[in-house]
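Enquirer: I am attaching a structure below and will ask some questions about it afterwards.
The values are calculated or read from the model by the stated rules, or taken from the named source; none is laboratory data. What you are looking at is a predicted structure, and each value in this text was computed from that prediction instead of being measured. Don't worry about glycine lacking a Cβ; one is built from the backbone with ideal geometry, like all the others, and counts go over all protein chains shown. Ligands, DNA and RNA are excluded from the accessible area calculation, which covers all protein heavy atoms including side chains. Shrake-Rupley method; radii C 1.70, N 1.55, O 1.52, S 1.80 Å.
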Amino acid sequence: MEYIEQYQRYAALIEATLNTILPEGKMLCPPEGEMPGKLSEAMRYSLLAGGKRVRPVLLLAVCDMLKGNIEEALVPAAALEMIHTYSLIHDDLPGMDNDDYRRGRLTNHKVFGEGFAILAGDGLLNYAYECMLSNALRFKDHLEGHIRAAEAVAKRAGVSGMIAGQCVDLLSEHHDPDADTLFYIHTHKTADLLTAPLMAASYIAGATEQQRTALERFGACVGVAFQIDDDLLDVEGNAGEMGKATGMDAQHGKMTWPALVGIEAAKARSNLLWQQAKEALDCFGEDARFLQAFADALAKRKK
Ligand code: GRG
């Protein structure tokens, strides 16, 4: 199957799973075990607003590559997108980046107010783990793999992962950029949540240690390259195409790779990392065709 066709197949599976596990709620005080209508509306507003679905696609693609059962991976993939969306909603809040547009529409707090945007983010984060644990109990034959997958996601999304990266990012605003701090921010703020689906899939599908190490290296390179490109797009990208404002990093005094080394050197660094990401897949041979094409496509992204 062609790369684009395959990507669309994964994205359609993710869209369907998200719609099933997070249905529209209508009631102010719902029956036991359901969520209030307004909360599901705010969660669905950002979750179903498009987005490239990079993280869940990675999870399904690696599960397929390792000949795992994709049925078992659908909910963990959707959970990764919920965690990612929570991080975007909170990142856009006035207390963080204070952005008005995301995924081509007004940010969550602009539509629902700050209180609901915080709750929508909290809701997506908690519901992601609730869904992953229920899924683990559903596929009892692979219970340990599912628990290890949930742990891998929690570690990379949590206080020594994405939140740690965001924390150092905030603390570094208006400071002179330095390479070590930038590497820490990029590795944790961005790369950890791109490595999380790779690790989760490796546990669900039963990868060997050698395969897991290769995937971790792939994720680390993809993640840092992805963030450097994000910083470059903030300088050179088209706001309309990206569905969010550009020039925000300079406005917030953010520490970025272009600010440290300049545009051309940042591009060279990103190209090298994309190359290294692809080399990390050598041990999978032809089976890594989709991941190789995925790296090529992401390296050229305009949004
Ligand atoms: C805990 C209060 C609180 C806030 C958490 C952790 C956090 C805030 C934010 C995460 C930091 C963040 C947004 C990192 C940027 C990563 C990044 C490049 C996101 C954009 O991802 P894409 O391009 O977006 O995949 P789409 O919209 O396509 O899904």
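Enquirer: Taking R0 as 25 Å, what FRET efficiency do you get between E5 and K302 from their Cβ-Cβ distance, rounded to the nearest 0.05? Can you show the working numbers first?
Expert: Details: r = 21 Å, r/R0 = 0.83.
After rounding to 0.05, the efficiency reads 0.75.
Enquirer: A further question on this structure: With all protein chains present, how much of the accessible area of the chain (probe radius 1.4 Å) comes from carbon and sulfur, to the nearest whole percent? Intermediate results must be reported in sequence, preceding the final value.
Expert: Numbers: 7570 of 13930 Å².
Solvent-exposed carbon and sulfur of the chain make up 54 percent of the total.
Enquirer: Moving on to the next point. Kyte-Doolittle mean at least -0.5 and Cα extent at least 30 Å along the axis: which DSSP H helices of the chain qualify?
Expert: Passing helices, by number: 70-91, 114-138, 209-236.
Enquirer: Peptides 5-13, 135-143, 174-182: what's the order by average Cβ count within 10 Å, highest mean first? Walk me through the numbers before you get to the answer.
Expert: Working: 5-13: 15.9, 135-143: 14.3, 174-182: 12.6.
Put in order of decreasing packing, that is 5-13, 135-143, 174-182.
Enquirer: Still on this model: Considering Cα pairs under 8 angstrom that are at least six residues apart, work out the relative contact order of the stretch 181-303 and quote it in whole percent.
Expert: 31
Enquirer: Turning to a different aspect of this structure: Just add up the charged neighbours of V54: K/R +1, D/E -1, any other residue whose Cβ is under 11 Å from the Cβ of V54. Present the calculation step by step, with values, prior to reporting the outcome.
Expert: Values: positive: K52, R53, R55, R301; negative: E81.
Around V54, the charge tally is +3.
Enquirer: So what is the diffusion coefficient of the chain in µm² per second by Stokes-Einstein at 10 °C and 1.306 mPa s, using a Kirkwood Rh over Cα pairs?
Expert: On the way: Rh = 19.6 Å.
Stokes-Einstein gives a translational diffusion coefficient of 81 µm²/s.
Enquirer: Nearest 500 deg cm²/dmol is fine: what mean residue ellipticity at 222 nm does the chain get from its DSSP H runs of n ≥ 4 alone, each adding -39,500 (n - 2.57), divided by its residue count?
Expert: Theoretical 222 nm ellipticity from helices: -22000 deg cm²/dmol.
Enquirer: Something else now. Between V54, V62, V111, which gets the highest mean-square fluctuation from a Gaussian network model of the chain, Cα cutoff 10 Å?
Expert: Looking only at V54, V62, V111, the biggest GNM fluctuation is shown by V111.
Enquirer: Net charge near A200, counting Lys/Arg +1 and Asp/Glu -1 over other residues with Cβ under 14 Å of its Cβ?
Expert: After counting each charged neighbour, the total is -2.
Enquirer: Can you count the Lys pairs in the stretch 34-145 whose Cα atoms are under 25 Å apart, with each pair 8 or more apart or on different chains?
Expert: 4
Enquirer: Further question on the same structure: With every protein chain left in place, what is the accessible area per residue of the stretch 202-303 in square angstrom, probe 1.4 Å?
Expert: Spelled out: the 1.4 Å probe surface of the stretch 202-303, per residue, equals 46 Å².
Enquirer: Which order do the peptides 289-300, 193-204 take when ranked by the mean count of other beta-carbon atoms within 10 Å per residue, highest first?
Expert: Values: 289-300: 16.9, 193-204: 27.2.
Peptide ranking by packing, descending: 193-204, 289-300.
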